[in-house]
Amino acid sequence: MDHPSDPGGITNRGVSLRWLRSIGADIDGDGDIDQDDIRAVTPEVAAQLFHQHFWAAPGVHLLPPLVAVAVYDAAVNQGAPRAVRQMQAACNTVSRDQLMVDGDLGGKTLARVQALCGAMGGGQLAVCDIVITAREQFYRELASRPPKRLADGQVVDYRAFLRGWLSRTGSLRGWCHQLAAEGWA
């Protein structure tokens, strides 16, 4: 879906042209990265890119399952470093020992998330909920900013996306609760 206020530009199956260029992914193999590459993104290609860049490479798969689901969804939507920083900051709101909010899913962060899952009433689901809440707060803050004009003349107005973002996080929260009820946590 393409939206005039989306700074990611032309998008297909959640893959934006801006992101493809940032990772150097010439999907159609013609030597450049342009809208033809976006058109060439199949469901399988999108799944492979998302798995590689938002699950495996940042180490999201090392998190407890429900927390991993929440962080992975955030990573696909806003990039892995921001998703991990949001999780780290969310964990800091409920812990005396503060994590460095650096976007790195290293040993200290993994250990802290695991410890919080064991210490908080509600376990993984409680941590999942605070991570999703932090993401919702970020979206509300983005939408509260005045529209801005980019160097290419495009006007970015994040208010246009708030309802969709909150619908996505609401669905994610519901799915995480369902997974917890089914014994994932």
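Miscellaneous remarks
- Which listed residue, of Asp32, Asp2, is on the phi < 0 side of the Ramachandran plot, modelled with pLDDT of 95 or more and surrounded by fewer than 17 Cβ atoms within 10 Å (Cβ to Cβ): Asp32
- Taken over segment 120-160, the criterion of being without any contact (Cβ under 8 Å) to a residue 40 or more places away in the chain and either crowded, with 18+ Cβ neighbours inside 10 Å or assigned to a helix (DSSP H, G or I) (or both) is satisfied by Ala126, Glu136, Gln137, Tyr139, Arg140, Glu141, Leu142, Ala143, Ser144, Arg159.
- Filtered residues of segment 7-22 (kept if touching a residue at least 40 places away in the same chain (Cβ under 8 Å) and either on the phi > 0 side of the Ramachandran plot or in a strand (DSSP E or B) (or both)): Gly14
- Residue within segment 156-167 that is among the aromatic types (Phe, Trp, Tyr) and either at pLDDT 95 or above or within 16 Å of Ala70 (Cα to Cα) (or both) present: yes
- Segment 139-158 - residue that is in contact with a helix residue (DSSP H, G or I) (Cβ under 6 Å, 6 or more places away or on another chain) and not hydroxyl-bearing (Ser, Thr, Tyr) and, of those, nearest to Gly79 (Cα to Cα): Leu142
- The sole residue among Leu150, Leu116 that is over 15 Å from the mean Cα position of the chain (by Cα) and farther than 19 Å from Asn92 by Cβ is Leu150.
The values are calculated or read from the model by the stated rules, or taken from the named source; none is laboratory data. All of these numbers come straight from a predicted model, not from anything done at the bench. Because the Cβ atoms are built from the backbone with ideal geometry, glycine has one as well, and the counts that use them run over all protein chains shown.
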